[in-house]
């Protein structure tokens, strides 16, 4: 049996789970998430714990077993505590401003770039160069953070751009380093 798939998911207090066939609705203090799962997977709620069962040991069912369990666990965690991703803007003159629920990024282009949040995602700024993306849906939070980062990915030579907080950028050596090495 799958090591991940066989683990039960504890449902914390204040979180309500409804199972109708292969559609699961999870309602909690941070919001409501609905998702349809593969019909081969059987989802049960017993004694405040969610369990996922598979019909047999076919390759596809083994793969779906762990996937279904992790998606359910992310739904339960999302509606109870939520998910967040932090981004940093690095560069001289690069900054972010908030206008309503939208962000206005000034990252070296001739015009400011306006970013609207995806449904269920909240954008916040901390200072002039930090962005906080929060929400109940882990996929939506990750997608929104990726969309913001793709506006100005980190430069390989100077490291300027938008990066995830704590991300290490490996900088390439410039032309001068190459020229000095070839003289010897």
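Values quoted throughout were computed directly from the atomic coordinates according to the rules given, and no laboratory measurement underlies them. Predicted model, so just to flag it, every value in this text is computed and none were measured. With ideal geometry, Cβ positions are generated from the backbone for all residues, glycine too; neighbour counts draw on all protein chains shown.
Tell me, yes or no, whether the stretch 73-83 has at least one residue that is touching a residue at least 12 places away in the same chain (Cβ under 8 Å), within 30 Å of residue 152 (Cβ to Cβ) and in a strand (DSSP E or B). Yes: one or more hits.
You will find that of 173, 112, the residue that is surrounded by 14 or more Cβ atoms within 10 Å (Cβ to Cβ) and more than 17 Å from the chain's Cα centre (by Cα) is 112 and no other. Taking the criterion of being touching a strand residue (DSSP E or B) at 6+ places or on another chain (Cβ under 7 Å) and on the phi > 0 side of the Ramachandran plot, the only residue of the stretch 2-26 that qualifies is 14. Quick check on residue 107: is it without any contact (Cβ under 8 Å) to a residue 60 or more places away in the chain, within 30 Å of residue 6 (Cα to Cα) and surrounded by 14 or more Cβ atoms within 10 Å (Cβ to Cβ)? Here the answer is no, as residue 107 does not meet what is asked. Those residues that are surrounded by fewer than 18 Cβ atoms within 10 Å (Cβ to Cβ) and in a helix (DSSP H, G or I), I need them from the stretch 144-170; list them, please. Hits for the stretch 144-170 are 146, 147.
So which of 11, 26 is free of Cβ contacts under 8 Å to residues at least 60 places away in the same chain and under 23 Å from the mean Cα position of the chain (by Cα)? Walk me through how you get there before you give the answer.
Values: 11 fails: free of Cβ contacts under 8 Å to residues at least 60 places away in the same chain.
The match here is 26.
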